[in-house]
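Below: the structure, in structure tokens.
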Amino acid sequence: MNAAIDSPLRTAFGPLRSPAFRRYAAGQLPSITCSWAQVVALSAVVVALDPTALGWVVALQFVPTLVLGPWCGALADRVDRRTLLMAAEAGLGLVAAAYAVAAATGRLTLPVIGVLAAVWGIVNAVDTPARRALTPQLVPPAAAPAAAALSGTLLLLGMTVGAALGGLLVPAFGAAVTFGVNALSFLVDVAVLASLPIGPSPRTPRAPRQIRDGLAHVWRTPELRRPVVVLAAVATATFSYQVSVPVLVPEAGAIGAALAVFTAGSLVGTLVAATRGRPSTRTAAAATGTLAAGQLLVGVAPALALPGLAVAGFGWSMLLMTVVAQLQEAPPDLLGRVMAVFAVVLLGAMTVSGPLAGWLAATWGATTPFLVGAVAAALTAGALAARARTG
């Protein structure tokens, strides 16, 4: 193999040489896959009950991160991250089981969905910083950026397969079976996490101002503040796919296909990001511009929605992996809190973008959220490109 090609590939897949990372990946993939089958099932159920409610259901899943995210990040720095993640995964499995029971007994009403979505969000607020902070512990320090990119690859591979699986399971067996399969997948993940060949994670003793210190560190460090601001601007306007896609194509099979295409594009983008080494402002500008182009294609030509979603997914994942890699360069004793800021910004933006997309679609048509996102992403890409030129 050509050395110029071999080196990026060795960098991208280097984390797989770590037994701990390989085992972690093997446990994550079925859990992510089944979780995204559940996304399709839940979207189809809510759209059938009331399409305008979907944005609020998605928001309920993310509001807890806005409130609890910084505290959960501090928690991930204070306790063993693997133990914390195992508890969170078990909690998510119990929520999935509750969805399955409610659906099987005909009690999956909008109020019940709202309660379960909020509980899911509370547990996920713990899960996200613990997972992001655990990943660098599984590989040598030099391989941490590639491990972040490969983790994103696993996420997107699972999302792609899971969305397609949901599009098949829901029409064939119903939402209850899909929820039940997801609940079982978390048992596998917890067992794999328990078997990881790693020691205890670094712990920061409890002390006053820890949460504020983590937030302050991000804000006073330009290399961390800049990607957080970019992520907030872009995610608020664009990352509403759990709402905008089901509203655009409301049938379960079509939802699964559309989300699978989006995540397949994201998967390619993550693989490309993994081969590019250290992230840069220029990379972020190119990724955001690509996202804008994909959003625009869906907005102006709905018949080309699938290719447009693939392009948007590619750009979105390139941007997200760039942001994650930049933030994971934070000091190890602050990493949990820094990644909690990431979770707060990303999921907080999605808390706004879901209801916003639902309102835009109901008021001006199903393609409007994509057009608004295209404008926001294009403006951000221009600002990033200008900064890259000035150094």
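No value in this document is a laboratory result; all are computed from the given coordinates. These numbers were taken from a predicted model, which means no experiment stands behind them. Glycine also receives a Cβ, built like all others from the backbone with ideal geometry; neighbour counts cover every protein chain displayed.
Overview of results
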| read-out | value |
| --- | --- |
| Theoretical FRET efficiency, 1/(1+(r/R0)^6), r = Cβ-Cβ of Val115 and Ala142, R0 41 Å, to 0.05 | 0.35 |
| Cα-based Kirkwood hydrodynamic radius, the stretch 93-157, one decimal, Å | 14.1 Å |
| Karplus (6.51, -1.76, 1.60) ³J(HN,Hα), θ = phi - 60°, over the stretch 168-177, in Hz, Gly and Pro reported as x | 8, 5, 5, x, 7, 10, x, 5, 4, 5 |
| Total formal charge among the other residues, if their Cβ is under 10 angstrom from that of Ala133, Lys/Arg +1 and Asp/Glu -1 | +3 |
| Residue (of Pro129, Gly91, Val58) at the positive-pole extreme of the stretch 25-137, dipole from beta-carbon charges | Pro129 |
| Cα point-scatterer Debye curve for the stretch 331-378, base-10 log of I(q)/I(0) at q = 0.14, 0.19, 0.33 Å⁻¹ | -0.48, -0.67, -1.08 |
| Largest-first principal axis extents, alpha carbons of the stretch 218-337, Å | 46, 25, 21 |
| GNM flexibility winner over the chain from Ser18, Ser35, Ser266 (Cα, springs under 10 Å) | Ser18 |
| CD proxy at 222 nm, helix term only [per DSSP H run n ≥ 4: -39500 (n - 2.57); per residue of the chain; nearest 500] | -28500 deg cm²/dmol |
| Cβ-based charge dipole, the stretch 235-391, positive-most Cα from Leu371, Ala312, Ala388 | Ala388 |
| Computed over the stretch 24-67, Cα set: Rg, Dmax in Å | 13.2, 38 |
| Largest-first principal axis extents, alpha carbons of the chain, Å | 49, 48, 46 |
| Per-residue Cβ neighbour rank within 10 angstrom, fewest leading, Trp36, Trp316, Trp359 | Trp359, Trp36, Trp316 |
| Given charges at beta-carbon only (K, R positive; D, E negative), |dipole| of the stretch 37-195 in Debye | 100 debye |
| Ascending count of other beta-carbon atoms within 10 Å, so fewest first, for Ser317, Ser31 | Ser31, Ser317 |
| Listed residues Pro246, Pro19, Pro30, most fluctuating in the chain (Gaussian network, C-alpha, under 10 Å) | Pro19 |
| Proxy reagent accessibility, fewest Cβ within 10 Å first, across Leu259, Leu60 | Leu60, Leu259 |
| Rg(Cα) / (2.2 N^0.38 Å) computed for the stretch 32-125, rounded to two decimals | 1.15 |
| Cα centroid separation - the stretch 347-377 against the stretch 44-82, whole Å | 18 Å |
| Net dipole in debye of the chain [+1 Lys, Arg Cβ; -1 Asp, Glu Cβ; about Cα centre; nearest 20] | 1040 debye |
